Amino acid sequence: MDIVRTIHLDMVEHPADIVPSRAGYSIGKWEGNTLVIDTVDFLPGWLEATCAGVRHGANMHTIERHTLSEDGQSLALSYTINDPDYLAEPSTREAIVVRTPAAYDLYHCENLTEEITEGF
């Protein structure tokens, strides 16, 4: 949760010389009021967004769509995961995140990457 992610909005395709990382390499574009994010070159590991301990491979490719509601109080998220190493077919999920008046608190995570990836 403390990971820093960069979404490159000035590119139309992924560069050829990407070094894989936990967050992958993301490029984005606007389609109307929707931000579309295309991410590749993940390090193999665990799909943290699911909180379900789902593994993913180096060939995982995700497409996310983020659309802010007209009143600005919610964000509709749609994402498709294509991972030929672990999924028989692409998986698509949707969620709506509602704005909260609560203050933002930093998430202080203990890095267990070495323990989780042992034997992977």
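A short reminder: the numbers here are calculations on the coordinates, not readings from a lab. Note that this is a predicted model, so its numbers are computed, not measured. No Cβ is skipped: glycine too gets one built from the backbone with ideal geometry, and neighbour counts run over all protein chains shown.
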Given V12, Q73, S26, which one lies farthest toward the positive end of the charge dipole of the stretch 3-80, if we put +1 on the Cβ of every Lys and Arg and -1 on the Cβ of every Asp and Glu?
S26
Label-point gap, in nm, between L43 and V97 - each point 7 angstrom along Cα→Cβ
2.3 nm
Computed lengthening from L75 to A23, 0.36 nm per intervening residue step minus Cα-Cα distance:
16.6 nm
Taking the stretch 7-117, the whole-percent share of alpha-carbon pairs separated by over 25 angstrom is 32 percent
Using a Förster radius of 25 Å, what is the FRET efficiency between E110 and A58 based on their Cβ-Cβ separation? Nearest 0.05, please.
0.50
